[in-house]
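Report on the structure given below.
The values are calculated or read from the model by the stated rules, or taken from the named source; none is laboratory data. Everything numeric in this text was worked out from a predicted model, so none of it was measured. Neighbour counts are summed over all protein chains in view; Cβ atoms, including those assigned to glycine, are modelled from backbone coordinates with ideal geometry. Only protein heavy atoms, including side chains, enter the accessible area calculation; ligands, DNA and RNA are left aside. Shrake-Rupley method; radii C 1.70, N 1.55, O 1.52, S 1.80 Å.
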Amino acid sequence: MAVELKFSDYAHRELEKILDQFSSTKGSLIMILHAIQEKFGYLPKEALEMVSEKLKIPLSEIYGVVTFYSFFRLEPQGKHVIRLCMGTACYVKGAADLLTALEQIGLKEGKVTEDGYFSLDLVRCIGACSMAPALMIDEEVYGKLTPDKLKKLIENFRKEHQ
């Protein structure tokens, strides 16, 4: 079962603190969204509804901002984030095969594994073209991967970081 934050009384109080801190600043929407995501790891629907009400901005406009900027997340992340590079060098050297391998072991783009351990993001470039195909797990880059090497990497990562 994916780990998901329940919007508790505590979460409401924390959100109120964020809104009180930034809401009097003109053009504060993006600052508020960043603060919420930093606090909760993503932008819960309930939080966006509260922002809409407090700032008197239509929820549809807030969703427009959130979906325009790729750094905002509407879903929770796993304990460890895998970023698979789909840039030209990585794609040409087999990134699509790596994506297939990740899907075979239960990772889906933009989703958290059932145990909450991993989430998968597809990104344009991680700056490791000489190591293509490459991905990152958290802040560590792994390159020159094949589907078999990748499956072993994921297995070993789980063992080492449990």
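Out of the residues in the stretch 26-53 that are in a loop (DSSP other than H, G, I, E, B) and in contact with a helix residue (DSSP H, G or I) (Cβ under 7 Å, 6 or more places away or on another chain), which is farthest from PRO76 (Cα to Cα)?
Among residues in the stretch 26-53 that are in a loop (DSSP other than H, G, I, E, B) and in contact with a helix residue (DSSP H, G or I) (Cβ under 7 Å, 6 or more places away or on another chain), the one farthest from PRO76 (Cα to Cα) is SER28.
When you scan the stretch 30-46, how many residues do you find that are surrounded by 13 or more Cβ atoms within 10 Å (Cβ to Cβ) and within 20 Å of GLY110 (Cα to Cα)?
11
What's the number of the only condition in (1) closer than 23 Å to ASP9 by Cβ; (2) open to solvent by less than 60 Å² (accessible area, probe 1.4 Å); (3) among the hydrophobic types (A, V, I, L, M, F, W, C) that LEU74 fails to meet?
LEU74 satisfies every listed condition except (2).
Go through the stretch 47-61 and report how many residues are over 23 Å from the mean Cα position of the chain (by Cα) and open to solvent by less than 60 Å² (accessible area, probe 1.4 Å).
Taking the stretch 47-61 first, the residues over 23 Å from the mean Cα position of the chain (by Cα) are 53-58.
Next cut, open to solvent by less than 60 Å² (accessible area, probe 1.4 Å) only: 55, 57.
The number of residues fulfilling the criteria is 2.
Residue check: is ALA101 more than 25 Å from HIS34 (Cα to Cα) and surrounded by fewer than 18 Cβ atoms within 10 Å (Cβ to Cβ)?
Against the criterion (more than 25 Å from HIS34 (Cα to Cα) and surrounded by fewer than 18 Cβ atoms within 10 Å (Cβ to Cβ)), ALA101 does not qualify.
Testing MET136 on (1) closer than 16 Å to VAL81 by Cα; (2) part of a loop (DSSP other than H, G, I, E, B); (3) modelled with pLDDT of 95 or more; (4) not basic (Lys, Arg), one condition comes back false. Which one is that?
All conditions pass for MET136, except number (2).
Would you check which residues across the stretch 107-126 are open to solvent by less than 70 Å² (accessible area, probe 1.4 Å), over 12 Å from ARG83 (Cα atoms) and in a loop (DSSP other than H, G, I, E, B) and list them?
Applying the first criterion (open to solvent by less than 70 Å² (accessible area, probe 1.4 Å)) to the stretch 107-126 yields 107, 110, 112-113, 116-123, 126.
Retained after the next criterion (residues that are over 12 Å from ARG83 (Cα atoms)): 112-113, 116-117.
Hits for the stretch 107-126 are THR113, GLY116, TYR117.
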